[in-house]
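The values are calculated or read from the model by the stated rules, or taken from the named source; none is laboratory data. Just so we're clear, the structure is a prediction, and the values are computed from it rather than from any experiment. Cβ sites come from the backbone with ideal geometry, for glycine too, and all protein chains shown count toward neighbours.
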Amino acid sequence: MKQFISSIKNLFSETDDSLLSRLLASTFSDIAPFDSWMLVQFNTFGQPKLIDCKDSLRSSAEYIETYFRDDPFYKAICDKNVAEFVTLSEIEIHNFRSSSYYNDYLKSTAGFSDQISYMYPTCDGDTYLLTLGRSENFKPFRECEIAEFRLVAPLVRTALLLIWAKDQNQFANTNPVHAKNQQTSLIIQNLSAYALSPRERETLELLLDGESAKTIGRALGISPETVRCHIKKIYLKLGVSSRGELFGRFVNELLGKKAS
């Protein structure tokens, strides 16, 4: 999780917007292997726009022009059944394995094994869909892998929010040398409204760096149990219940938006 958080934070200092989705996709390799991914934006009328992809086995143009209509993840979006993270098996419709989408598109070249997806409804009514896929060269995603992918869903939502904001020109590029200092100063600037103590502020900054309670305690000269007490108070004051939600709150403030 620490490495994943670090990778997500590095997105904020990336000055080349075209690399953001690829950098995000590459972070998942620390969890489990896959051989295709696609990030698509669906507008309020259900029309797709390809943001980026890596799929040497299939034609993304065919998906955008034709096959997206039979994608179970797209159907979930149309049915307003949008979840932060969902597996294909959770939403697979009846007779899916005999559909043209499955046989002519997914299995067309190197076969098909499994897919998982992250969905994020944007502030303007669009939906971002990030799908990770495995061909028949891999076995389906294991339960332990799915559990890890699900665990980082709030962080992925944060990254998709950044990509959307960049696309909407709502997040100005910053000098990467000053990016981290800018983030930290913004955090400190907004903390006073939540009545965090100085020690809680120190704990918060280390939490956002992905440090564990044990590491934070060592850095601050306090016990891990004391750190956990500080974390509980931070969560309570900021209205979050997990580190992923905390990081999402940080990004919402960074983008000048209210936390959802």
Of 59, 21, 7, which residue is free of Cβ contacts under 8 Å to residues at least 24 places away in the same chain, surrounded by 13 or more Cβ atoms within 10 Å (Cβ to Cβ) and not assigned by TED's automatic domain parsing to the domain that holds residue 110?
7
Tell me which of these residue 135 doesn't satisfy, since it passes every other one: (1) in contact (Cβ under 8 Å) with a residue 12 or more places away in the chain; (2) out of contact with any Leu (no Cβ under 7 Å at 6 or more places or on another chain).
(2)
So which residues in the range 12-39 are modelled with pLDDT under 75 and in a helix (DSSP H, G or I)?
12, 13
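To keep it simple, each residue is scored yes or no on (1) assigned to a helix (DSSP H, G or I); (2) at pLDDT 75 or above; (3) over 22 Å from the mean Cα position of the chain (by Cα); (4) within 15 Å of residue 238 (Cα to Cα).
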residue	(1), (2), (3), (4)
169	no, no, no, no
172	no, no, no, no
200	yes, yes, yes, yes
204	yes, yes, no, yes
211	no, yes, no, no
214	yes, yes, yes, no
217	yes, yes, yes, no
222	no, yes, yes, no
Residue pairs meeting the criteria (Cβ under 6 Å; at least 6 apart or on separate chains; first in the same structural domain as residue 62 (by TED's automatic domain parsing) and touching a residue at least 24 places away in the same chain (Cβ under 8 Å), in the range 92-115; second among the charged types (D, E, K, R) and not in a loop (DSSP other than H, G, I, E, B))
99/70; 101/70; 113/134; 114/134
With the checklist (1) of a type in the set (Lys, Arg); (2) surrounded by fewer than 19 Cβ atoms within 10 Å (Cβ to Cβ); (3) at negative phi in hand, flag the one item residue 80 doesn't pass.
(3)
Which numbered condition residue 69 fails, given (1) surrounded by fewer than 18 Cβ atoms within 10 Å (Cβ to Cβ); (2) out of contact with any helix residue (DSSP H, G or I) (no Cβ under 9 Å at 6 or more places or on another chain); (3) part of a helix (DSSP H, G or I):
(2)
Quick test for you: out of 179, 259, pick the one residue that is surrounded by 13 or more Cβ atoms within 10 Å (Cβ to Cβ), modelled with pLDDT under 80 and in a helix (DSSP H, G or I).
179
What is the number of the single condition among (1) assigned to a strand (DSSP E or B); (2) surrounded by fewer than 16 Cβ atoms within 10 Å (Cβ to Cβ) that residue 53 does not meet?
(2)
Among the residues that make up the range 86-106, is at least one of them charged (D, E, K, R), surrounded by fewer than 17 Cβ atoms within 10 Å (Cβ to Cβ), in contact with a strand residue (DSSP E or B) (Cβ under 9 Å, 6 or more places away or on another chain) and part of a loop (DSSP other than H, G, I, E, B)?
no
Taking the range 111-120 and keeping residues buried (at least 16 other Cβ atoms within 10 Å of the Cβ) and modelled with pLDDT under 90 leaves 120
For residue 136, which of the numbered conditions (1) in a loop (DSSP other than H, G, I, E, B); (2) under 20 Å from residue 28 (Cβ atoms); (3) of a type in the set (Asp, Glu); (4) within 20 Å of the chain's Cα centre (by Cα) fails to hold?
(4)
Test result for residue 30, more than 14 Å from residue 166 (Cβ to Cβ), surrounded by 20 or more Cβ atoms within 10 Å (Cβ to Cβ) and not aliphatic (A, V, I, L, M)
no
Can you name the number of the only condition in (1) within 18 Å of residue 166 (Cβ to Cβ); (2) assigned by TED's automatic domain parsing to the domain that holds residue 113; (3) of a type outside the set (D, E, K, R) that residue 15 fails?
(2)
